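The values are calculated or read from the model by the stated rules, or taken from the named source; none is laboratory data. What you are looking at is a predicted structure, and each value in this text was computed from that prediction instead of being measured. Every residue, glycine among them, receives a Cβ derived from its backbone with ideal geometry; neighbour counts consider all protein chains shown.
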């Protein structure tokens, strides 16, 4: 060890590989290898029917065909609808709040308190939050009780028997849980914008609205794209909230059934073929979106 | 003095523009309303946890009842193994937080401190897999765990935390900003081995980042429902989210609603406490890990 001198730098670099071993081995065993077996089973007819096991029998792309021609498109649509319903208000509110937090002239004294409160729902257990909403919005629950006492002649509304009220509730929960996170990301992006641009705009007599549309928004574009895609990836994974709310059946009439809920159903019933094919489809979509995220963030680096 | 002067200047400007006051009031009002919208649900949860089942069925009041302790006692005496659930959740989340922060720092250190052929390949690879959800490999993962007979143990929920791309990325970002290579070089000259340097020089410097990421990992695993629900079928090993799901799938009307609210409170209370104590670091840490710059 005493031989360590300048010029022997190369010999240290093997430590780069050594320090990577835990990550690489864990990832290979618990993510990469399962990915291959997942892909493998997607080409087989392999499921349980009662106590007997059917298959495994190689059937090519039949599982994919079955998924794409039966329920999956419907569940994909449910997922995207609920994501959009939550994302649109989220991006508007987050842009508004982010621009207020990032505006030094506004000097919001209570800003740290506001940030703490709006970020709080993001850390709450989604399943518990959903359970809470199930209790609060049930027919005899507090929300109906409050509405009945405020609005004269209001009849208790059964939120869980109507497609759009269930979807709206799921979207609303996602909104509440995620807008704080988005606000902080957008705020950080806005704070990163060169202050001299704002000063110049002010000298030129630009109004706050003009500044927002002409300076903030265009310069924020990379972060907005990042937020949009990562939120979409998160949205495609939507599971805990609708699963707990509807007890896994996507009520009413499976209109709140998401793709991961469908995957979960096949995983529970041990239908390896369909679960595999569904996983591969989701992997391709999220993988493509992840590449896009990488491209967006990478370009910002240059 | 210069600062005061600048503030005076700004105040003068405000008088000229005038509108800033109005905008501040509007912003505060809107923010207060939005915060109220966030807190309302927890407020109702708190009120309802303090009320008896019959009072809950009769309707809602904003006055707390006297059943808080009784509801918790009946929850603890009930059929749900809540203490076990709490303990299991604590064990899993704590282990994940430790493994993820330690090994992610190690991975980040490998990329940060050394120059080797595959460095950029590995880094790019981790960046790309960062946003791919784990659910898409769940089938192969569950299949393997059943074969290994690891179901109903905590291992499949803890060990994979060693490879946590998001935590890695945060650590890498932080290392880039606080750890000059000269320090590592100096340690070498002093005769410190590479492992020693990492454990006793680099890790202490990473403390702020480790604290932030430990919290995030802890919370993420505390709230995790998908994988535990598929792997933990015995009551003894179930975590809190799995117990919540059990509560949901039980015949709802038979339940003592006070107990239901108590269970929800019991599950989210620890995280709320941790958050309120450490919120400064958490909110500050959010932006750093997600977007560059």
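The table below lists the values:
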quantity	calculated
Qualifying residue in the range A:146-154 (condition: surrounded by fewer than 22 Cβ atoms within 10 Å (Cβ to Cβ) and touching a helix residue (DSSP H, G or I) at 6+ places or on another chain (Cβ under 8 Å))	yes
Residue check, residue B:39 closer than 21 Å to residue A:137 by Cβ and at the interface with another protein chain (Cβ under 8 Å from one of its Cβ atoms)	yes
Residue that is nearest to residue A:167 (Cα to Cα) [pool: residues in the range A:248-288 that are facing another protein chain (nearest Cβ under 7 Å) and within 16 Å of the chain's Cα centre (by Cα)]	A:260
Which listed residue, of B:255, B:266, is crowded, with 18+ Cβ neighbours inside 10 Å and either within 19 Å of the chain's Cα centre (by Cα) or modelled with pLDDT under 90 (or both)	B:266
Residue check for residue A:108: surrounded by 14 or more Cβ atoms within 10 Å (Cβ to Cβ) and not in a helix (DSSP H, G or I)	yes
Some residue of the range A:45-58 being free of Cβ contacts under 8 Å to residues at least 60 places away in the same chain, more than 17 Å from residue A:267 (Cα to Cα) and not in a helix (DSSP H, G or I)	yes
Residue in the range A:134-151 that is assigned to a helix (DSSP H, G or I), under 17 Å from the mean Cα position of the chain (by Cα) and either within 8 Å of chain B (Cβ to nearest Cβ) or in contact (Cβ under 8 Å) with a residue 40 or more places away in the chain (or both) present	no
All helices (runs of 4 or more DSSP H) inside the range B:105-183 with 3 or more residues being within 9 Å of chain A (Cβ to nearest Cβ)	B:119-129, B:138-147
Selection within the range A:210-232 - within 11 Å of chain B (Cβ to nearest Cβ) and over 14 Å from residue A:91 (Cβ atoms)	A:222
